[in-house]
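This report concerns only the one structure given below.
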Amino acid sequence: MKRTILGLLILVVAVANSRAQRVTVSGYVADSLSRETLIGATVRVVGSSDGTTSNSFGFYSLTLPAGEAVLSYSYSGYQPAELRLSLQRDTVINVSLRAKDLMREVVVEADRTDAGLYATGMGITDVSISQIEHTPALLGETDVIRTLQLLPGVQSGTNGMAGLYVRGGAGDENLIMLDGVPVYKVDHLFGFFSVFTPEAMKKVTFYKSSFPARYNGRLSSIVDVRTRDGDMQHYHGTASIGLLSSRLNFEGPIIKDRTSFSLSARTSYWSWVARPFMPEDSKFGYTFYDLNAKLNHRFSDRDRLYLSFYQGQDRLKSNFEDQWGAHDEYTERYGDNMHWGNTLASLRWNHIFTDQLFANATVSTNNYRMILKSYDKEMAPGGAVEKASSNFRSSIHDMTAQFDFDYDPRPQHRIQFGAAYTRHSFRPESMSNEILESATGKVQLDTTYTLPAHSIPADELMFYAEDNWRLTPTLQLTPGLAYTLFHVDGTTYSALQPRLSLRWQVTQDWTVKAAYSEMAQYIHLLTSMPIAMPTDLWVPITRNIKPERASQFSLGAYFTGLKGWEVSVEGYYKDLRNVLEYRDGMSFFGFSGSWENLVAVGTGRAAGLEFLLRKNSGRTTGWLAYTLAKSTRKFSRNSGVNDGHRFPFTFDRRHTINLVVNHKFSKRIDLDGTWMFHSGEAATVATQKGVVMNPDNGTLKEVYYVPSRNNYRLPCSHTLSLGLNVRKQLKCKAERIWNVSIYNAYNAMNPTLIYRKTDDWGGYSHDKLTKFTLLPCIPSFTLTYKW
Amino acid sequence: MKKTILLLLSVALTTTVACEHDIEIRTNGEQQQLSLHGYLSADSAVNRLAVVMTGLKQATDVHQARVEVCVNGEFREKCKAEVGEEGRRYLITTPFHPGDRVRIDVTTTDGKHHAYVEETVPQPIRALKDVTAQLVQEHKFLSEYGYTDETGDAFELKLTLADNLGSNDYYRFAAPLVESMTVHRYFDPEEGYIEDAESVVVPARFDCTQDPILMEGNTIKPSSDLDMPTIGNVINRYGVFTDRLFRDSEASLCVYLPLTFSLSHADMNYDYGTVVTLQSGVAKVTVESITESEYYYLKALNTSESETYDENSDLTGPIRLPSNVHGGTGYVGFRATKSIECILAK
């Protein structure tokens, strides 16, 4: 016993002594000119495997043995910096990195330690803003989601749309966040463009496999979009004018080195262009806008405050006028006015408690709403007027408080932990009708049915902890655990979600990674269309519908033996439980009042192999990705979904090839190209004729018969898009960029929709389908000024 | 510069045009399916089953199928075919009772196709009572095609239902059968109305759009003078509903029977499609207990036949109708019914 006590004492003293011999270096890594913090910058101890990365706010902390040390700071697209230090006590070092003169080459984020090849986690990709700007875009609208579609394991949904279907998951299984706040409606113009304005963005990180424990609530992917903080030193901005929209970004200091702002706006003007070409009695109008604003204030080296605001909205208007009667004495005016969009606001406070403990507190609000107003006004001779109007609303309102901590006790450990509480308020549908008949002098008012009559409140609580642990210089392990609670409709669901990532540096050139992630999802998007509709409704789970769950296993090998090149292969298997599908024939309803009765709960599985060959540096950069994938769903025999037979999931495509090439001819001219190839996606087509029996009179009627859900493979799709940028430095220190893009350059007739061919009399052809191509070859141009 | 912008703009606008092309349907490996259809009632002495083979170009009757009926695991009957006005049907004379487990096996004579359906006959609804019919004038109907452009006199039919206890139940409000009636027939504008008295059985069209149970909470006001009554809603023509809103208790239904309707299905000596105006009569009001799968089948069928859904060209794609047939397709419903008579008088 005596020996044991003595031994323990010696151990405690040794540990304490060991702690006493360590010092912590911490601080922020920022751009040397703008003081914009750099997220995910690498900090390494030269000659050692010790190192860390800056977090989402640019803060890093590294605990080392006291004494001499050389620290290396690096970040993609920036000149690395080395500092020789004599460390005797805890030290704060804020480092500024200078951007490389790369002839503006596209930065491919491959050498990062929190994303990409060197990260412990798998399937984590940082997409640089330059990459987004250099991806040829539809109508010149550079788009983060369209860039993500080019990554292996990502499907685009309906051809030409900015959908996101990751590793066999559904479209509502992606958590897309703007400055940490989930965005419910992520697209404009029925899914053609996302709501993210490239000029406002600082960094986009995409997760599809190893999900950090702090991210929860969706099954298949996380897209974390961070906006620019604003230049602390200089005023500068960007202005772009394109075919569809114009964009403006302006940022600068309010108080130098203390307070900065960033303001971005985008608005479309298609309606104004098209209005003169519309008929007199019919007027359509469509516009959208996005507004990003951010204030950043540095109280001290230890305290910072960020205030972020985003508002985006789509507006669709239609107005018609009919006249009839012998002398056109009757007039009817009718139309719709629809607008929908998100408003997000967040306030974040960064506080450094100690050099090893960084904290971030966030309060945020998120509001999505859609309003559809219809009207019909009939005017008859004698002043008789009949007016009818209806008002349909759908909304979600979230209030969130979140606390996140980064604790770096030793170089081998980076511990992240925190908690979040969200109060959701869903109001999926409410509707009111109003009738006014003025001829009789009688006013009739109907404001009746609201479905449901009140909002659906839900409470979500989340705790998480994760340790990025370097076991040996070649072996890293990241165990994580998230625990979530969701209370709705008098029922509380809980989910324990373990995460584990392992990275083994086999040789200098070869790395092997493995990952396991468990995810839970508590809300669903009710959608029945292949395109994003404003009428799609987010609804929470109910007491009868359990949360969706997913378990994903991934394994990958990576080779970096060729300088500037990266080769990887990743395989995954995803097991999905409690997934929802509309029962056969039910999707058309699309209302939320009794939505749980329209869906069935089943299982799914997805598996795939993803190959990636990427060139990271030089005049020509880009990648070639190939994905072999399969995704299916299965429901019970009595579920009303495909008679219980397994079926291919929507947008299940067996083969996908994506080629991205960015080439710099000179300082003035660069050319970007993408080529996407998908083998045919699964679709439901009535291939035979059968009968149905009328339940009232027992008569038979011949109808087209669908043997199975997603029984048909559409033709393959392939799209080449090109973009040419011509730059000119102007005398006023501004830069002018002309971008000419061609979407679908060789005019491939890809199927956007498919339906049975009809003849001139409305009869259906028994052996032909009509393939509808929405996006043929579309050239566009954008003029941008940067100053 | 100005010229360049105008040129680029015009090129962009003129080329942004969607295209359509025809492609052949690939049907390689498509198998024909044995398709069974029928609505079999525990209260009918004879039930009829249609046996059809799906096909790439057309569906065809199966002439000499072997149809065998088992009840609660015991073989009861090998059915014979009969060709009536509605085509070939296999007659099932085996009586069923609520709670019986019924299995019907169908095999083609060449033995290549075999399909079966197996269901439990549901329990009839606990009670129907307090049925009344009152004339209302100038009722604004949602027409058969879902538009609010029809106004006329109607019988407001009210009925109280008592739900079965301790179970999730699915029901169908069948179109009321007008068993005897006095009608006015519109004959000629100059001669005016001619009164006829007939004894017929006519399924009456009914408007249930204001009934919260039949519309499952999504009622539609007849005063809504809008072309589309409500977003994504489909009028419940087949009258299927659940007990979700009145589980283990009672509820009232309210539907409207238009006085003016077509006799296209009536067994009368009128020309096809003759329009008559109901003066008085007796209606048989029936509520059928159906299975859960039939509830969803009829909802899907209703949607596929609704005017707001455009078969094969709707963005949602073609509707796949659910099936309870193993080894084949189609739907065979099993019902237990309860009826009550209602006097219709102006």
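Suppose a student asked you for the relative contact order of segment B:34-120, using Cα pairs under 8 Å spaced at least 6 residues apart; what percent would you report? The normalised contact order for segment B:34-120 reaches 28 percent. Pairs from the table (A:Lys100/A:Lys256; A:Lys768/B:Lys80; A:Lys634/B:Lys112; A:Lys185/A:Lys634; A:Lys202/A:Lys317; A:Lys208/A:Lys728) lying more than 31 angstrom apart at Cα are A:Lys768/B:Lys80; A:Lys202/A:Lys317; A:Lys208/A:Lys728. Between the beta carbons of B:Leu91 and A:Thr542, assuming R0 = 35 Å, the FRET efficiency works out to 0.20 to the nearest 0.05. Taking segment A:691-731 and a reference point 7 angstrom along Cα→Cβ of B:Ile340, no backbone N atom is nearer than 11 Å. Partner shielding of A:710-719 amounts to 1, given as the average count of beta-carbon atoms from other chains within 10 Å of each residue beta-carbon. Here A:Lys771 is the anchor, and the lysines within straight C-alpha reach of less than 18 Å, apart from those fewer than 8 places off in the same chain, are A:Lys757.
Within segment B:34-120, the proportion of Cα pairs with more than 20 Å between them is 30 percent.
In terms of packing, defined here as the mean over residues of other Cβ atoms within 10 angstrom, the peptides A:321-330, A:239-248 line up highest first as A:239-248, A:321-330. The alpha carbons of segment A:603-681 occupy a box of 64, 18, 15 Å along the principal axes, longest dimension given first. Couplings for segment A:122-138, taken from phi via the Karplus curve 6.51 cos²θ - 1.76 cosθ + 1.60 with θ = phi - 60°, read 9, x, 10, 10, 8, 9, 6, 5, 5, 5, 4, 5, 9, 9, x, 10, 5 Hz in order; Gly and Pro are left as x.
Taking 8 Å as the Cα distance limit and 6 or more residues as the minimum spacing, I'd like the relative contact order of segment A:502-642 as a percentage. For segment A:502-642, the relative contact order is 20 percent. Label sites at A:Tyr421 and A:Thr343, each approximated as a point 7 angstrom past Cα along Cα to Cβ, lie 2.4 nm apart.
Counting only residues at least eight positions apart within a chain, or on another chain, the lysines with an alpha carbon under 22 Å from that of B:Lys158 are B:Lys129, B:Lys140, B:Lys221, B:Lys284, B:Lys338, B:Lys346. Here r is the Cβ-Cβ distance between A:Lys701 and A:Phe611 and R0 is 45 Å; the resulting FRET efficiency, rounded to 0.05, is 0.35. Gain on full extension, evaluated as 0.36 nm per residue between B:Gln279 and B:Arg126 minus their Cα-Cα distance, stands at 51.9 nm. Applying 0.36 nm per residue to the separation of A:Met533 and A:Asp509 and subtracting their alpha-carbon distance, the gain on full extension is 3.9 nm. The mean number of partner chain beta-carbon atoms within 10 angstrom of a residue's beta-carbon across peptide B:24-36 is 4.
A Förster distance of 30 Å, applied to the separation of the beta-carbon atoms of A:Ser86 and A:His413, puts the FRET efficiency at 0.75. So for chain A, averaging the separation of alpha carbon pairs under 8 Å that are six or more residues apart and normalising by length, what relative contact order in percent results? Relative contact order comes out at 10 percent.
Here the dipole of chain A is about 2480 debye; that uses its Cα centre as origin and unit charges on the Cβ of Lys and Arg (positive) and Asp and Glu (negative). Modelled this way, with points 7 Å down the Cα-to-C-beta line, the labels at A:Glu329 and A:Leu628 are 7.7 nm from one another. With coordinates expressed along the principal axes, the C-alpha atoms belonging to chain A extend over 103, 73, 54 Å, beginning with the largest.
Among A:Arg393, B:Arg335, sorting on how many other beta-carbon atoms sit within 10 Å of each Cβ, with the fewest leading, yields A:Arg393, B:Arg335.
Compute the length gained on full extension between A:Ala380 and A:His655: take 0.36 nm times their separation in residues and subtract their Cα-Cα distance, giving the result in nm to one decimal.
Result: 92.9 nm gained on full extension.
Only the coordinates and a few stated rules stand behind these numbers; no lab work does. This structure is a prediction, so every number in the text was calculated from the model and none was measured. Neighbour counts are summed over all protein chains in view; Cβ atoms, including those assigned to glycine, are modelled from backbone coordinates with ideal geometry.
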